[in-house]
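For reference, the structure discussed in these notes is given below.
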Amino acid sequence: MMRRTHSPLARETRTEDGIPPPHSEIELETVVQLLAELRPRAASIVIGSSRDAPSRDTADAIAQAWVQRGGHMLDVVDWPERAASWLRQARRFAAQDPDAWVVTGQVSGWVQMGRRLVHSTDWNPARTIGTASLATEDLIALGGVGTFDGLRGATRDGGTWEVVRTILLHRTDSAP
């Protein structure tokens, strides 16, 4: 079943100051499952995150789960929420030509990174999986039409979400 945000699934995806809460185990499992279901198959990934503690912890947990599943970790890249330029982080994020990317963190920094990635690299949002903290209409409103088209991810309760042009779709079941 699909629906547009303002979804109750989008609640509790971040605190008042923008820092996401710690990941849930089902969210982590869903992220890894979404990676495993990408076609063509993803073997190598790069993870990007905000610099806050919950985002870094989530990035570390995803990296560990991916490696345990037999996947290859190429890099973990973090970025600030505010910077004069995100070019250095964007180039590092896309440099190793991974099969897929994973993103966790605050919307404010990720929007800036995503916009830089679109204009300066070969990054593909359709080969990118995000965590629940990014499942908000702010992502589309701040990023602009098409910036995150095809980006998908996990919700805290194991459901999934996907950006389709200007719409954030939520699936309440765990099937992507």
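General remarks:
- Selection within region 78-111 - β-branched (Val, Ile, Thr) and under 26 Å from Arg39 (Cα atoms): Val102, Val103, Thr104, Val111
Condition check ((1) open to solvent by 10 Å² or more (accessible area, probe 1.4 Å); (2) touching a strand residue (DSSP E or B) at 6+ places or on another chain (Cβ under 9 Å); (3) of a type outside the set (Val, Ile, Thr)) across all residues:
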{"position": "Val102", "(1), (2), (3)": "no, yes, no"}
{"position": "Gly109", "(1), (2), (3)": "no, yes, yes"}
{"position": "Thr136", "(1), (2), (3)": "yes, yes, no"}
{"position": "Thr155", "(1), (2), (3)": "no, yes, no"}
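- Meets criteria (surrounded by 19 or more Cβ atoms within 10 Å (Cβ to Cβ), of a type in the set (S, T, N, Q) and not in a helix (DSSP H, G or I)) for Ser49: yes
- Among the residues examined, Ala132 qualifies as in contact with an Asp or Glu (Cβ under 7 Å, 6 or more places away or on another chain), open to solvent by less than 10 Å² (accessible area, probe 1.4 Å), under 23 Å from Glu25 (Cβ atoms) and modelled with pLDDT of 95 or more.
- Qualifying residue in region 60-75 (condition: modelled with pLDDT of 95 or more, open to solvent by less than 10 Å² (accessible area, probe 1.4 Å), of a type outside the set (Lys, Arg) and out of contact with any helix residue (DSSP H, G or I) (no Cβ under 8 Å at 6 or more places or on another chain)): no
- Qualifying residue in region 82-99 (condition: under 24 Å from Gly144 (Cβ atoms), of a type in the set (Phe, Trp, Tyr) and at pLDDT 95 or above): yes
The values are calculated or read from the model by the stated rules, or taken from the named source; none is laboratory data. Note that the coordinates shown come from a computational prediction; the quantities given were computed from them, not determined experimentally. When we count neighbours, we look across all protein chains shown, and the Cβ atoms used for this are built from the backbone with ideal geometry, even at glycine. Accessible surface is based on the protein model in full, side chains and every heavy atom, while ligands, DNA and RNA are left aside. Shrake-Rupley method; radii C 1.70, N 1.55, O 1.52, S 1.80 Å.
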